[in-house]
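The values are calculated or read from the model by the stated rules, or taken from the named source; none is laboratory data. Here the structure is a predicted model, which is why all the values come from computation and not from measurement. Every residue, glycine among them, receives a Cβ derived from its backbone with ideal geometry; neighbour counts consider all protein chains shown. With ligands, DNA and RNA removed, areas are computed over all heavy atoms of the protein, side chains included. Shrake-Rupley method; radii C 1.70, N 1.55, O 1.52, S 1.80 Å.
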Amino acid sequence: MNTSKKNVHLCFCVQLSISYLQQIDKNDNASLYKTFFSGIQAEEKLPLTIFATGSFLEWQKGKRQAYSMLLNNMLSRKQIELLGGGYHQPYLSLLPASDVIGQIEMMTAAIRTHFGKRPRGLFVTASAWTPSLITPLIRCGMEYCLLDYRLFPTDIKRNNQNIGFSPAIVEDKGKTITVFPYIPDDPDFINRTPQEFYDKLAATASSTDESMYLLFLPVKAYIKCLEKNKDGSNWFSSFVELCNQPESVIRLTHTAELMKRRQPHPPMYIAPNTILCDTPTGHATKHAITIQRDAFKIYSKMMYVNMLANGMKGDKARKKYALQELWKAQNAELFALEACIPEYHNELRRIAYRKLLVAEKQTRLPGIFTEGLTRYDIDMDGFKEVLSQRSPLNMYVHHHGGKIFECDVFSAYKNYSDMPLEHSGMFIDYLLSEAALQRLKNGQLEALTAVFSDNTYQETEINTIRSELKLSTASLFDAGIEQPVSLRKQYTFFSEGTQVQYILKNDSPFNLSAYFIVEIDIALEETDSVMPSLSLYDCEENQKKERSITTDVFNKVSWIQLEDPEGKIQFTMEANEVPGLIVIPVYGICKRETEAVEQMIRGVRMFFYWKTDLNPNYETEKMLFLKIKNRKISRTTPTATAVRAD
């Protein structure tokens, strides 16, 4: 169609980011952005809409401030428009309104600091949309936001024509904001010539209505299209030349100009949605979080730390720092929701817990924080868990299974109960027959029964002065006949760990012959040069053994120690009666540079077992001690001495 009226408005968009996936892969971001900026600065007639994330703005500080200078030059000639957003790229729809406002205003302040300009538009990470975002967006001074076009209803028409990629007005409680649909990527873009791409867009031009297209392309696509041909031109320079011809129907622009050209029209309802693995889920982000166990654990921890941080009084600077650390943990990547990249999930969760624990530690004001036991429904299941909170570590006890389901060590900023297992924890109790124990020794985990482990333990007493928690439960042990058994369990917490006392009772009129088993799971990480190690004292051979973590069985052990090289933490376990021990490593897939490696140690499952023979109405006592030690402290002095000796 040949007409002098430019009815197709095309806006090229790009996101500048240093993602956690890029950091895990150890990408050469310096080379990537050097190539991008060296090419884009030469195309002065190419308007761009840019979302420079908080991670990019922090990365380009110092020696890379030339990128800010280049962006400022492009701003001065009105070539680009900068978008705001959540500073740490969170799922905005998942956050409390105060955090939404805090993240956006932090981004706005950074843009004003670097570029002297306040953004009026906002990029919604992963298009994590819900209408309740409208009010906080307006409070932050946002006039428009960008969402994936696939979130827009397809059955809406205007003037008896589909609205296509036209902007829309969305409303919530009387507040309105403009929403622009964008195309996240065009996989055939690079393969089309400038003329082919021009013809495709020109075919959509109308003699009456205007069309608007926002196309987000990855940085690598821009780099490819900025490569010079033999005649010195590149893809973009050729396309700009086509668009600048008098008879062209395409106008190159950016979002600020689009806002000036928008037309009034009735509001539209855009339902809550999220883009995961480049596909709309059809549900709110909260739905995706709720159905994924590990993601919901991070979310519930995030909300707990949010409560702690916002409840801080007096020290405003410390509160601000705690909130900023919390906001880092709200990065969308860290929830590991995208099933298409499972090799990154363990590492992303580990980063999330580290940042959450840094924030939590900041909330513990000196002179105000008190060590001890407290109750709080931290996992949002309707029951209050018992939280043992000490300066060096947290231990959270769940009534289901009576187990420790979270063990946070602050010197490592790590949750040592974060395992790639559906059911895991510390001090999980079982009662097995001899045949079932033998299958467990052979590595058959399906031999584990639900006796005790699947019970809801009743809290019989909590003593905050002595930091003691007493639980009890009862079950039926099936050994040909069902025999009622009961278990009393007492936790005593201290600064370096816990001791657990068990009293197992045979409530049946028959003799009980079984194996009482306690499972302790610990998350471990190997480093580039050091594997997690295990040492123990074998009472049968009367010798200490040191080895890597492999599937193994020991009939009698006096003590056992585990070393986590990643966190420099040592775990020591002992019992009042010599137990047997079954060791089963836990593996998980892990991303190492360019390859996904499956057999990576992610933790260890240890099963302590005792042979139990009880007459009717008799009981037996067992005790386990767990001590957690920071090896970095104990090794500081010898290391310093060795350096001076050299």
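How large is ³J(HN,Hα), in whole Hz, for each residue of region 258-274 in order, when computed from phi with the Karplus curve 6.51 cos²θ - 1.76 cosθ + 1.60 and θ = phi - 60°, using x for Gly and Pro?
4, 4, 5, 9, 5, 10, x, 7, x, x, 10, 9, 10, 6, x, 6, 8
Pairs Lys61/Lys260; Lys556/Lys627; Lys505/Lys627; Lys361/Lys568: which exceed 23 Å Cα-Cα?
Pairs exceeding the cut-off: Lys61/Lys260; Lys505/Lys627.
I need the P(r) histogram for the chain: all alpha carbon pairs, bin width 20 Å from 0 out to the longest distance, whole percents.
Each 20 Å bin holds this share of Cα pairs: 16, 42, 27, 13, 1.
Using θ = phi - 60° and the Karplus curve 6.51 cos²θ - 1.76 cosθ + 1.60, what whole-Hz ³J(HN,Hα) does each residue of region 125-132 get, with Gly and Pro shown as x?
4, 6, 6, 6, 10, 8, x, 5
Could you list which residues have their amide H under 5 Å from that of Glu406, counting only those 5 or more apart in sequence or on another chain, with H placed in the peptide plane?
Those lying under 5 Å, H to H, from Glu406 are Tyr396.
Among rounded, prolate and oblate, which fits region 191-286 when a ≥ b ≥ c are the square roots of the eigenvalues of its C-alpha gyration tensor, a/c under 1.5 means rounded, and a/b larger than b/c means prolate?
Taking the square roots of the gyration eigenvalues as a ≥ b ≥ c, region 191-286 is oblate.
Classify region 505-546 from the C-alpha gyration tensor, please: rounded if a/c falls under 1.5, else prolate or oblate depending on whether a/b exceeds b/c.
Oblate, because a/c is 1.5 or more while a/b does not exceed b/c.
Over 18 Å, how big is the tail of the calculated P(r) for region 1-61, in percent of all Cα pairs?
On the way: 898 of 1830 pairs.
Cα-Cα pairs of region 1-61 separated by over 18 Å account for 49 percent.
Taking Cα atoms, how many degrees apart are the long axis of helix 66-76 and the longest axis of the chain, rounded to 10 and kept between 0 and 90?
Approximately 40 degrees, to the nearest 10.
Please list, ordered by chain and number, the residues whose modelled amide H lies under 5 Å from the amide H of Ile378; skip anything fewer than 5 residues away on the same chain.
Glu385
Output the peptides 232-240, 195-203, 92-100 sorted from most to least packed, where packing is the average of other Cβ atoms within 10 Å over each peptide's residues.
Going from most to least packed, we get 92-100, 232-240, 195-203.
Sort 548-555, 321-328, 291-298 by packing, meaning the average of other beta carbons within 10 Å per residue, with the highest value first.
321-328, 291-298, 548-555
Starting from the Kirkwood radius over alpha-carbon pairs of region 437-555, derive D by Stokes-Einstein at 10 °C in a medium of 1.306 mPa s and give it in µm² s⁻¹.
In µm²/s, the coefficient is 90.
Can you list residues from other chains, or at least 5 along the same chain, whose modelled amide H is less than 5 Å from the amide H of Val586?
Here Arg602, Gly603, Val604, Arg605 satisfy the definition.
Can you give the Kirkwood hydrodynamic radius of region 1-124 from its Cα pairs, in Å with one decimal?
15.8 Å
Find the cysteines in the chain that fail to meet the 4.7 Å Cβ criterion with every other cysteine, and list them.
By the Cβ distance rule, which asks for a partner under 4.7 Å, the isolated cysteines are Cys11, Cys13, Cys140, Cys145, Cys225, Cys243, Cys407, Cys539, Cys590.
How tilted is helix 29-40 with respect to the longest principal axis of the chain? Cα atoms for both, answer in degrees (0 to 90, nearest 10).
Here the helix axis deviates by roughly 10 degrees.
Kindly provide the helix-only [θ] at 222 nm of the chain, computed as the sum of -39,500 (n - 2.57) over DSSP H runs of four or more divided by all residues, to the nearest 500 deg cm²/dmol?
Mean residue ellipticity at 222 nm (helix-derived): -7500 deg cm²/dmol.
Work out how much length Arg439 to Glu482 would gain on full extension: take 0.36 nm times their residue separation and subtract the Cα-Cα distance, in nm to one decimal. Write out the running numbers ahead of the final one.
Details: separation 43, 0.36 × 43 = 15.48 nm, distance 2.09 nm.
Gain on stretching Arg439 to Glu482: 13.4 nm.
For region 65-209, evaluate the Debye formula with one uniform point scatterer on each Cα (no solvent term) and list log10 I(q)/I(0) at q = 0.14, 0.18, 0.21 Å⁻¹, rounded to two decimals.
-0.84, -1.16, -1.28
Using 0.36 nm per residue of separation minus the Cα-Cα distance, give me the extension gain between Ala339 and Glu44 in nm, one decimal.
So the chain would gain 102.2 nm between Ala339 and Glu44.
Over region 352-401, what portion of Cα pair distances is larger than 15 Å, expressed as a whole percent?
When all Cα pairs of region 352-401 are counted, 53 percent exceed 15 Å.
If I take every Cα pair under 8 Å that is 6 or more residues apart in the chain, average their sequence separation and divide by the length, what percent do I get for the relative contact order?
Averaging sequence separation for qualifying contacts and normalising by length gives 10 percent for the chain.
Given region 342-464, report the % of alpha carbon pairs whose separation exceeds 18 Å.
So the portion of pairs separated by more than 18 Å is 62 percent.
For Leu133, what charge total do you get from the other residues with a beta carbon under 11 Å from its beta carbon, if Lys and Arg give +1 and Asp and Glu give -1?
+1
What accessible area per residue, rounded to a whole number of Å², is obtained for the chain using a probe radius of 1.4 Å? It would help to have the intermediate numbers written out before the result.
On the way: 28420 Å² over 646 residues.
It amounts to 44 Å² per residue over the chain.
Return, for the Cα atoms of region 165-229, the radius of gyration and Dmax in Å, separated by a comma.
Reported Rg and Dmax, both Å: 15.9, 54.
Which ³J(HN,Hα) values, rounded to whole Hz and listed in residue order, are derived for region 289-301 from phi using the Karplus coefficients 6.51, -1.76 and 1.60 in 6.51 cos²θ - 1.76 cosθ + 1.60 with θ = phi - 60°, glycine and proline given as x?
Values, residue by residue: 5, 5, 8, 10, 4, 5, 5, 5, 4, 5, 4, 5, 5 Hz.
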